[in-house]
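Each remark here refers to the structure printed beneath this line.
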Amino acid sequence: MSLTALPPAPARTPASPAPRDRFVDLLRVFGMVLVVAQHWTMPVLALAGGRLTTGNALAGVPLITWISQVMPLVFFAGGAANAMSLRSASSPGLWAARRLRRLAWPVVPLAAVWVPLPYVLEGLGLPSQPVEVAARTVGQLLWFLAVYLVAVVSTPWLVRARASRVLPLLAAGAVLTDVVRFSGVEAAGYLNVVFVWLAVHQVGFRYAEGRLAWLSGARAAGLAVAGFGMVAALVVAGPYPASMIGMPGMVSNMAPPSACLLPLFAGQLGLAMLLRPALVSLARRPRVEAALAVLAPRMMTLYLWHMTALVTVAGVAMFGFGLVTPAVGSFSWWSRVPLWLAALVIVLLALTGLFARFEEPPGPASAGRVVAAAVLIGGALTTLTATGFAPGVAPVAAALALAAGLRLTSGSGAAGHRSPRSASSRIS
């Protein structure tokens, strides 16, 4: 079984590069940069008796997360980019194989470093509990790739579906899932990994088809007001918390995702479309265009390694200098933020210099066993999301499954011929 069994693509002229959309480029780069910045400013760390305790600096200002939680916009932009690149692909199966490889290949060096690293750190005398916390935290980032894999492999089918039918079904599924979840079946909430994120991804298809051109000016502003207003109403009515990121000891809107993220996305989309003319103009400026050209091909590396940078800087600060996080919002906290961010940027740039070469998988792709590859890669990413790289059998098994999945998508000859692509068709 393979994705080559998809309904054949309609007759068309030879594939040509997908057009570059500066708005999509900017959303994707800005979204990932904001994710990194949010993760770097959240930690509240304390070390006592060899045990690390963590808190969240944004706990006191949850409304900030209505803007800073940009994963809905990232999935929207990913949907637009996927639809644009699929349109110019020679076959859906080969397109999916290439996307899977570009999604999974950058994880290989992360696994190669982090599977043995906890053992090395413990061997050097670091307490096991902080090492385990760090190893689990780094792996948790892979939830995005696991969910995005589902979006990628479903794109050849969903891009052909009628949005007027699919979107209401996905939204209804998200609401029904929350009803079941908040009735006491918490595990049911994870169905919204599919319903919520595929709904947002599907709206990206509409943008790629030019069907959101009407969403500008007063209409975009109206959608923004309506979306954020509905979020406020849901928060007031409950059981949804005000924070759009997970907070200790609270119901989470993200893990698992709740239906509250759909009106949040509507508000963010309205705001983004309202600003679209200014953003497109901004992206045409030579310096901004140059920055996009530098960042876009390295976004997966920046995302995958930014927590390693955080762990490195935090570890040196705590174990090397005995520093802990000052009271959030205090003068000491604010005075350290610039130094903290500067150190993180320096370490991340060094890591990017080492590992950005893994953005592009070697050799051609093959569509022959895409379904099996997707199962292996998806299973590996899901496992690492749940267990992280904490010492044990699971990370090793996941790394082997990841390698096996990548092997199934590698090929040669005509089957692996690459069609042209533009910067806007990249996964990250």
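Taking only the stretch 294-319 into account, find how many residues are open to solvent by 60 Å² or more (accessible area, probe 1.4 Å) and out of contact with any helix residue (DSSP H, G or I) (no Cβ under 7 Å at 6 or more places or on another chain).
Residues meeting the conditions: 3.
Those residues that are among the hydroxyl-bearing types (S, T, Y) and farther than 24 Å from V107 by Cα, I need them from the stretch 296-355; list them, please.
Selection gives T325, S330, S332, S335.
Name the pairs whose Cβ atoms lie under 9 Å apart, with the first residue in the stretch 259-285 and free of Cβ contacts under 8 Å to residues at least 12 places away in the same chain, the second open to solvent by less than 60 Å² (accessible area, probe 1.4 Å), and 6 or more positions between them or separate chains?
Once the first residue is free of Cβ contacts under 8 Å to residues at least 12 places away in the same chain and sits in the stretch 259-285, its partners that are open to solvent by less than 60 Å² (accessible area, probe 1.4 Å) give L275/A220.
Can you spot a residue in the stretch 298-317 that is part of a helix (DSSP H, G or I), under 17 Å from V36 (Cα atoms), of a type outside the set (A, V, I, L, M) and touching a Lys or Arg at 6+ places or on another chain (Cβ under 8 Å)?
Keep residues of the stretch 298-317 that are part of a helix (DSSP H, G or I), which gives 298-317.
Keeping just the survivors that are under 17 Å from V36 (Cα atoms) gives 298-314.
Cutting the leftovers down to of a type outside the set (A, V, I, L, M) gives us 298, 301, 303, 305-306, 308, 312.
Checking the rest, the ones that are also touching a Lys or Arg at 6+ places or on another chain (Cβ under 8 Å) come to none.
No, that holds for no residue.
Does A151 fit the bill of being of a type outside the set (V, I, T), in contact with a His (Cβ under 6 Å, 6 or more places away or on another chain), part of a helix (DSSP H, G or I) and touching a residue at least 40 places away in the same chain (Cβ under 8 Å)?
For A151, the condition - of a type outside the set (V, I, T), in contact with a His (Cβ under 6 Å, 6 or more places away or on another chain), part of a helix (DSSP H, G or I) and touching a residue at least 40 places away in the same chain (Cβ under 8 Å) - is met.
For P362, work out the one condition from (1) open to solvent by 30 Å² or more (accessible area, probe 1.4 Å); (2) assigned to a helix (DSSP H, G or I); (3) not aromatic (F, W, Y) it doesn't fulfil.
For P362, the exception is condition (2).
Suppose we filter L167, L94, L191 for residues that are open to solvent by less than 40 Å² (accessible area, probe 1.4 Å), in a helix (DSSP H, G or I) and among the aliphatic types (A, V, I, L, M); which single one remains?
Within the list L167, L94, L191, the selection yields L94.
Would you confirm whether or not the stretch 98-119 contains a residue that is over 22 Å from Y303 (Cβ atoms) and in contact with a strand residue (DSSP E or B) (Cβ under 6 Å, 6 or more places away or on another chain)?
No, that holds for no residue.
The values are calculated or read from the model by the stated rules, or taken from the named source; none is laboratory data. All figures in this text were calculated on a predicted structure; none of them were measured in a lab. As a convention, Cβ positions derive from the backbone with ideal geometry for all residues, glycine included, and neighbour counts pool all protein chains shown. Ligands, DNA and RNA are excluded from the accessible area calculation, which covers all protein heavy atoms including side chains. Shrake-Rupley method; radii C 1.70, N 1.55, O 1.52, S 1.80 Å.
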